[in-house]
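Have a look at the structure below before the remarks.
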Amino acid sequence: CPSSPKHPSTPSEKCGVLNVTKITENGKKVRKNWTSSWTVLQGSSLLFAKGQGASTSWKFGSNQSKPEFTVDLRGGAVDWASKDKSSKKHVIELKTRQGTELLIQSEIDSVINDWYRALTETISTHAWE
Ligand code: I3S
């Protein structure tokens with residue numbers, strides 16, 4: 001994975017295209033808006049760049065694309081989303097300590113399983129920072 005402009009010296013652990021929507025922001029419910037995002041896990045941060053999926057990846061290393069938003073995973077929680085959260089298959093629910101909730105989805109179950117593992121590991125590794 002390329003590094004992000006924000007943390008050029010930190011190599012990213014994982015990257016790929018995922019479908020993402022916020023459902024809560026700062027504790028308030030927001031309307032779902034599923035978008036395909038280039039997603040990068042770097043340290044305890046998860047970065048999303050809106051765009052046309054994989055073709056965005058190369059730009060991430062240069063200064064051409066800024067992440068659309070960044071999530072701090074420290075103190076967060078990750079779990080499989082219950083059926084009432086989405087009708088889609090393979091949906092992860094991610095809650096941050098700041099009160100933002102995201103749904104993350106991929107049609108490919110090996111892809112989403114890898115992300116589930118990576119996010120769970122990251123949250124437990126950085127739990128006490
Ligand atoms: O949880 P909801 O409200 O059923 O979520 C669906 C809606 O956000 C829908 O858009 P609008 O009703 O705003 O037009 C989306 O197109 C759906 O994808 C959402 O549901 P899923 O089950 O796909 O997360």
Worksheet item: Out of (1) surrounded by 18 or more Cβ atoms within 10 Å (Cβ to Cβ); (2) modelled with pLDDT of 95 or more, the odd one out for Asn113 is which?
Response: (1)
Worksheet entry | Selection status of Val40, modelled with pLDDT of 95 or more and hydrophobic (A, V, I, L, M, F, W, C) | no
Discussion item. I'd like to check something: does the stretch 43-50 contain any residue that is within 16 Å of the ligand (Cβ to nearest atom), at pLDDT 75 or above and crowded, with 17+ Cβ neighbours inside 10 Å?
Written reply: no
Discussion item. Restricting to the stretch 87-129, count the residues that are in a loop (DSSP other than H, G, I, E, B) and among the aliphatic types (A, V, I, L, M).
Written reply: 2
Discussion item. Within the stretch 26-37, take every residue that is part of a strand (DSSP E or B) and at pLDDT 95 or above and give me the one that is surrounded by the most Cβ atoms within 10 Å (Cβ to Cβ).
Written reply: Lys29
Worksheet item: Can you spot a residue in the stretch 59-70 that is modelled with pLDDT of 95 or more and touching a Phe, Trp or Tyr at 6+ places or on another chain (Cβ under 7 Å)?
Response: no
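The values are calculated or read from the model by the stated rules, or taken from the named source; none is laboratory data. Just so we're clear, the structure is a prediction, and the values are computed from it rather than from any experiment. For neighbour counting, all protein chains shown are included, and Cβ atoms are generated from backbone atoms with ideal geometry for every residue, glycine included.
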